[in-house]
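The values are calculated or read from the model by the stated rules, or taken from the named source; none is laboratory data. This structure is a prediction, so every number in the text was calculated from the model and none was measured. Neighbour counts run over all protein chains shown; Cβ positions are idealised from the backbone, glycine included. Just so you know, the surface numbers come from the protein's heavy atoms only, side chains and all, with ligands and any DNA or RNA stripped out. Shrake-Rupley method; radii C 1.70, N 1.55, O 1.52, S 1.80 Å.
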Amino acid sequence: MTHSDRPDPEKLTLDNGEAAATVEQVLAAMDSLSIEHETITHEPLYTVAQSKKVAFEKPGAHTKNLFLRNKKGRMFLLVVEQDRTVDLKGLRDKLQLPGGQFAFASTERLAKFLGVVPGSVSPLALINDTSEKVQVYIESSLLNQEWIYLHPCRNTHSTRMRSDDLIRLLDTWNHPATLLKF
């Protein structure tokens, strides 16, 4: 499977004109808050099915991350357990948000606001949303797991961190998570 149609993640420019964060910058932000983490490098993972083929030695929850928008242009990052099936219409009704139906955000919008390409979406990409335009929703059962694996802005890396530290990190970046029960 090739993905030559996707932009080069190393050359993305955010909506504010700045370069998107690198893996090293995400990890440095975590270090600055004394967040325990470890990162492994692997082949690019574009889907949950591909990520299930990677052998992760240590336990931790694995996620599915959906970058969504509504008809009013509001943007949402939904973080759920990797095997969760998400009904977008049902989700819209559950959240009772104005602005119409959810749709997947475009590759261009993904680059401008999260600074990543398809396959690299994760809450760690919120480091790039300094204008705080993206609302984040996390499946509450993920936080029952002590550890969680997330891409640090590149789908060639997976970072293992404590779930509680993810919430703390998002708060530091002014992206408090709304917890959802499915």
*Name the pairs: first residue in region 5-25 and farther than 15 Å from Val117 by Cβ, second residue of a type in the set (A, V, I, L, M), Cβ to Cβ under 8 Å, at least 6 apart or on different chains?*
Gln25/Ile127
*Can you name the condition, by its number, that His151 falls short on among (1) in contact with a helix residue (DSSP H, G or I) (Cβ under 9 Å, 6 or more places away or on another chain); (2) open to solvent by 40 Å² or more (accessible area, probe 1.4 Å); (3) of a type outside the set (Gly, Ala, Ser)?*
(2)
_Kindly evaluate Lys181 against the criterion of being closer than 23 Å to Pro59 by Cα and open to solvent by 40 Å² or more (accessible area, probe 1.4 Å)._
yes
_Within region 103-120, take every residue that is over 14 Å from Ala19 (Cα atoms) and touching a Leu at 6+ places or on another chain (Cβ under 8 Å) and give me the one that is surrounded by the fewest Cβ atoms within 10 Å (Cβ to Cβ)._
Ala103
